[in-house]
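The block underneath contains the structure these notes are about, expressed in structure tokens.
The values are calculated or read from the model by the stated rules, or taken from the named source; none is laboratory data. Keep in mind it's a predicted model, so treat the numbers as computed, not measured. All Cβ positions, even for glycine, are placed from backbone atoms using ideal geometry, and neighbour counts span all protein chains on display.
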Amino acid sequence: MTKRTIVTMPGDGIGKTVLKEAIRVLDAVGFKAEYIHADIGWEFWCKEGNPLPQRTLDLLEKHKISLFGAITSKPKSEAAKELDPRLEGKGYVYYSPIVGLRQHFKLDICQRPCKTFKGNPLNFIRKGKGDTIEEPEVDVVVFRQNTEGLYGGVEWTDPPDQVYNALMTHPKFEKNFGWSPKEELAVSTRIFTKKYSERICRAAFEYAKKFCYKRVTLCEKPNVIRETSGMLLAICREMEKEYEGIWFDYTNIDAQMMWLTKNPETYGIIIAGNMFGDIVSDGFAGLVGGLGFACSANIGEEVAIFEPTHGSAPKYENLEPSIVNPIAMILSACMMLDYIGEVEKAKQIRNAITKVLEDGEVRAYDMLKLRGSQEVLQQGAASTTEMTNAIIAEL
């Protein structure tokens, strides 16, 4: 079998830990690959003024597929304080490298599956009739538009004159904000394009059709954010006519966050813009075990990057042995296998995870609802390596 070449970007914090564990599982299931390391993250911001070096972009351009751990991202002012003194005053500005990757390679489709595993003690439960306890099965895939909206990066503090003057032509801006001195204004834009709005909606409907989901929901705010949310709604309304047997409706993001804890089992595929997709996917992830189970894919026309959504959690980076839950990263590797056609291997890994969770003998500290510290190992929690070993044993 020809080996695949996979670009690995461990990044910061626990990203370095969990990525190694995912590769161990891929090796155990018989996936043959050459893994090429690429630099990304806080270390390279501090010493080079660039958390996403050109050499990393070149590797991704060549090899197309990547597994990504996590990055540390800090506000602009804090980032500037940690820059190497030799680079100060040279115009370097910190910008999130994962956002940079999404925009550079137009990774406009973000998939975030949120699915319950039987036996996971962190699954959402609720009271039923007669004080019974119900554990609804959650099987949601959030399709988040990944490159536009509030995360598009088009923003200013003290906007330049041409931007300010253009904003002043809008009557609501002049009425509600024209009183403020320009230098005291901070402006962020929410820009949607028809092309990429259609792509995310089409991807969601096609996924629903392929995997037999009966419901597609747009989660936005078209009653208030009328132009951008309204564009997505109009596209979905037109597109639903092509997909017989799939029921489409829309919810407002605020109401959705309430309903997802009332009846999460009624939702299947959810479409949202960048910010609302980020919010609602974390909400559903909380129902299926939290960020230790939250995987994702960033997919463009040529390049695809697979990552857990839990962040770098730097306070856990130097614990020895590590205690973090590697399952989100391993599930992200499963999404990569699905993407490149290794569906059977992905299924084997997910079945192994299911078996470990059902058996309940090996559990990370989050599954035991313990506060993260080295002491959890004496309280019955498995280390990161032990958690991976249990999954490999089931394979």
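Couple of notes before you dig in:
- Number of positions in the stretch 349-395 that are charged (D, E, K, R), more than 15 Å from Ala328 (Cβ to Cβ), assigned to a helix (DSSP H, G or I) and in contact (Cβ under 8 Å) with a residue 12 or more places away in the chain: 5
- Residue, modelled with the lowest pLDDT, within the stretch 137-151, restricted to residues that are crowded, with 17+ Cβ neighbours inside 10 Å and part of a loop (DSSP other than H, G, I, E, B): Tyr151
- Contacts under 6 angstrom Cβ, first residue in the stretch 203-223 being touching a residue at least 60 places away in the same chain (Cβ under 8 Å) and buried (at least 19 other Cβ atoms within 10 Å of the Cβ), partner among the small types (Gly, Ala, Ser) and in a strand (DSSP E or B), 6 or more apart: Cys219/Ala272
- Test result for Gly341, under 18 Å from the mean Cα position of the chain (by Cα) and on the phi > 0 side of the Ramachandran plot: no
- Looking at Ser312, Ser322, Ser332, Ser296, just one residue is part of a loop (DSSP other than H, G, I, E, B), under 30 Å from Ile200 (Cα atoms) and in contact with a helix residue (DSSP H, G or I) (Cβ under 8 Å, 6 or more places away or on another chain), and that residue is Ser312.
- Scanning the stretch 16-58 for residues that are at positive phi and touching a Phe, Trp or Tyr at 6+ places or on another chain (Cβ under 7 Å) yields a total of 1.
- Comparison of Asn123, Asn146 shows that the only residue that is touching a residue at least 12 places away in the same chain (Cβ under 8 Å) and in contact with a helix residue (DSSP H, G or I) (Cβ under 6 Å, 6 or more places away or on another chain) is Asn146.
- Looking only at the stretch 231-248, residues that are surrounded by fewer than 11 Cβ atoms within 10 Å (Cβ to Cβ) and either in contact (Cβ under 8 Å) with a residue 60 or more places away in the chain or closer than 30 Å to Asn123 by Cα (or both) come to 1 in all.
- Against the conditions (1) crowded, with 20+ Cβ neighbours inside 10 Å; (2) in a helix (DSSP H, G or I); (3) in contact (Cβ under 8 Å) with a residue 40 or more places away in the chain, Ala346 satisfies every one except (3).
- Checked against (1) over 30 Å from Lys127 (Cβ atoms); (2) touching a residue at least 12 places away in the same chain (Cβ under 8 Å), Ser281 passes all but condition (1).
- Check on Lys47, modelled with pLDDT of 95 or more, outside the structural domain of Tyr207 (by TED's automatic domain parsing), within 22 Å of the chain's Cα centre (by Cα) and among the basic types (Lys, Arg): no
- Some residue of the stretch 305-323 being modelled with pLDDT under 95 and under 12 Å from Pro113 (Cα atoms): yes
- When we screen Tyr339, Tyr316, Tyr365 for residues that are surrounded by fewer than 17 Cβ atoms within 10 Å (Cβ to Cβ) and aromatic (Phe, Trp, Tyr), the only hit is Tyr339.
- Near pairs, Cβ below 9 angstrom, 6+ apart or cross-chain, from the stretch 156-179 (under 24 Å from Val93 (Cβ atoms)) to any residue that is of a type in the set (Ser, Thr, Tyr) and assigned to a helix (DSSP H, G or I): Trp156/Tyr164; Asp158/Tyr164
- When residues in the stretch 300-322 are screened for being within 24 Å of Gly290 (Cβ to Cβ) and in contact with a Phe, Trp or Tyr (Cβ under 6 Å, 6 or more places away or on another chain), 2 of them pass.
- Residue match in the stretch 228-241 (condition: at pLDDT below 95 and over 20 Å from Leu150 (Cα atoms)): no
- Test for Thr56: is it buried (at least 21 other Cβ atoms within 10 Å of the Cβ), of a type in the set (Val, Ile, Thr) and without any contact (Cβ under 8 Å) to a residue 60 or more places away in the chain: yes
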